[in-house]
Amino acid sequence: MNKHIKVTFACCLFIVLVIGFMVFHSTTSQAYSPKKKHQANGPFVSGRVLVQLRPQLMALHAPNVIAEEGASDRGEIGETGVHIVELPAGADEEAFLQAFQSRPEVEFAELDAIISPAEVIPNDPWYAGWEWHLAKIQGPTAWSINPGSADVMIAILDTGVDGSHEDLAAKMVPGWNIYDNNSDTRDVNGHGTSVAGTAAALSNNGVGIASVAWGCRLMPVRISDATGFATFSNMASGLIWAADHGARVANLSYRASSSSTVASAAQYFQSKGGIVTVAAGNEGVFDSSPDSPYLLTVSATDPNDLLYSWSNSGNSIDLSAPGSAFTTVNGGGYTAVSGTSIAAPIVAGVAALVLSANPNLLGSEIQTLLKQSADDLGPIGWDTNYGSGRINAARALSLAAGGAPDTTPPTVSLVSPTSGATVSGATSIQILSADNVGVVSVGLSVDGIAVGSDSAAPYTFSWNTAGASNGTHTLKATAQDAAGNQAGVSILIIVDNSSDTTPPTVSIVSPANGSKISAGVTVLVNAIDNRAVVRVELYVDGSLTATTASSPFTTKWNARKAKTGPHSLLCRAYDAAGNVGTSLTCAVYK
């Protein structure tokens, strides 16, 4: 018996219902700039119309017809007679379409529509009505792009896998039993078989269930004892063995994100071009363990994209995924199970699809791509419940087809004020930011408290230092690009409003001197200071009546109960240094 410290399953496979335990036991990319508006067939290529002239006019009139409409001919598609017509910058494609269609020389004209692949719906009997998680992650669209390659192997580090199961047998490659140090990888508990079926069971074969990565293969690596418990050392050894034997994806449906030993082995696995998925755990607690860049930790969501109450959250959460599935059972058959042990292999399956579409991606690039393509849930951006969001297989494959994800963060700098500068009053803050693709937003914070954000250059903010104490403060500028990459820069500045001896100037704009008033009086004040006005007071007949601290400095006087006759209005303005400016008296009559 292995006497090392043992770690429990992340899931213990909460069995929702055991249905049919023995049931069925016998039985080239091109980059487009799509227009956001749509026609009947969906989005279309911006700045383009496809035009075919009538056969007898085609050769003679094509250049003239296109030029007369103010467009350019970019060539003919083979011998079809269909010309790719480029429109002027900013053109209304539908207006040009109508113009071409109305010409007698034109046989037809149409927009160059961008059509998504037809969804692939598997014929596995349990798919409809039971496997909601596959539609949730847009599996049908993903499979139309790539259902998985047999060249990609997913290592299932678990209790073993039932290699004789009808929906698994054809997918198996030789694995290893780390626990007993032999080649017997049969499932001694059942946990591993359910995990394996979720990731890559045989699909669209008219039998049993569908899985995430149809065409990818499964490598069983047993790391547990007969009760399902596994040690950190066996997990690490299993990762090393799987990496050395060609696995590009490894799944650990155990709560192991806090282990430095496991993270070290995952680093080795990543250096071989792979990615390791780990279950967050099912205790319903917050895990304060720091995040590891080598482990992709997965929390579990329900059909409404909400975190299951039993799913752990924490600093290490990278992604979320559906936490329930109908899957394979050790010894044959199928059952419904729940847990982060199911969420993790769903992400592992998507990672395998991504590698199938683009095997040249590095392990770190796969992680970035999965995060960038996820459906953001909860607060905007990363959070401790959902990580970067719920996995989206279709979007991940679309990004994979475009090559390596954007991992370059923006550059950002604080231009003014400079580090160590002394500021006072209303201070203008200027930030510069650039990115290899494009900056989405730039934010400013003072001492960790957000001041504001801007989505378009020039990035300029105004900070009224009157509300800050004299002394040192930290300004931080943060920039983010469309891929979610962030960069920040901080400087220290000094606020000094103490040496200000100049009082504000203040005057009453309305009501006018000598005017007649009614029951309700709005007093508009013009208050200016060399730094900043922090407060304006209104005095009526020598008594403080109203105060305002924001510009425009408008105060109100309820004169309903005031005596009939003359009254005097006077305003005082204060700056952060305590200097006071006083207006001229304004006489009014009721």
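5 Å is the cut-off here: which amide hydrogens, built 1.01 Å from N in the peptide plane, fall below it relative to VAL278, excluding neighbours closer than 5 in sequence? Amide H neighbours of VAL278, under 5 Å, 5+ apart: LEU252, LEU296, THR297, VAL298. Would you work out if the stretch 303-425 is rounded, prolate or oblate? Take a ≥ b ≥ c from the square roots of the eigenvalues of the alpha-carbon gyration tensor; rounded if a/c is under 1.5, else prolate when a/b is larger than b/c, oblate otherwise. Here the stretch 303-425 falls in the oblate category. The Cα atoms of the stretch 119-242 give a gyration tensor whose axes a ≥ b ≥ c have a/c of 1.5 or more with a/b greater than b/c, which makes the shape prolate.
Evaluate the relative contact order of the stretch 44-113 (contact order divided by residue number), counting alpha-carbon pairs under 8 angstrom at least 6 apart; express in whole percent. That works out to 48 percent.
With the gyration tensor restricted to C-alpha atoms of the chain, the semi-axes of the equivalent ellipsoid amount to 60, 39, 23 Å, longest first.
Among residues other than THR422 with Cβ under 13 Å from its Cβ, the summed charge is -1 (Lys and Arg +1, Asp and Glu -1). Taking amide hydrogens as placed 1.01 Å from N in the peptide plane, the amide H of SER416 sits under 5 Å from those of GLN430, each at least 5 positions away in sequence or on another chain. About its Cα centre, the dipole of the stretch 505-589 is roughly 320 debye, where the only charges are +1 on Lys and Arg Cβ and -1 on Asp and Glu Cβ. Only Cα pairs under 8 Å and 6+ residues apart enter the sum, and on that basis the relative contact order of the stretch 154-278 stands at 30 percent. Taking only the C-alpha atoms of the stretch 265-332, Rg followed by Dmax gives 13.9, 39 Å. Each stretch of four or more DSSP H residues adds -39500 (n - 2.57); spread over every residue of the chain, this sum gives -5500 deg cm²/dmol at 222 nm.
Among PHE100, PHE286, PHE461, sorting on how many other beta-carbon atoms sit within 10 Å of each Cβ, with the fewest leading, yields PHE286, PHE461, PHE100. The string of couplings for the stretch 322-338 from the Karplus curve (6.51, -1.76, 1.60, θ = phi - 60°) is x, x, 8, 7, 9, 8, 6, 10, 4, x, x, x, 9, 8, 8, 9, 9 Hz, one whole number per residue in order, with x for Gly and Pro.
Under Stokes-Einstein, with the Kirkwood radius over Cα pairs as Rh, the value for the stretch 505-589 at 20 °C and 1.002 mPa s is 167 µm²/s.
Shown for the stretch 44-113 is the translational diffusion coefficient from the Stokes-Einstein equation, using the Kirkwood radius over Cα pairs, a temperature of 25 °C and a viscosity of 0.890 mPa s: 209 µm²/s. Distances between placed amide hydrogens fall under 5 Å for SER257 paired with no residue 5 or more residues away or on another chain. Taking θ as phi - 60° and the Karplus parameters 6.51, -1.76 and 1.60, the scalar couplings of the stretch 134-151 work out to 6, 5, 4, 8, 6, x, x, 6, 4, 5, 5, 8, 6, x, x, 10, 5, 6 Hz in sequence order, x denoting glycine and proline.
With the convex hull drawn around the C-alpha atoms of the stretch 441-510, the volume per residue stands at 141 Å³.
None of the figures in this text is laboratory data; all of them are computed from the coordinates on show. From a predicted model like this one, the values you see are computed outputs, not experimental measurements. So basically every Cβ, Gly included, is an ideal-geometry build from the backbone, and we count neighbours across all protein chains shown.
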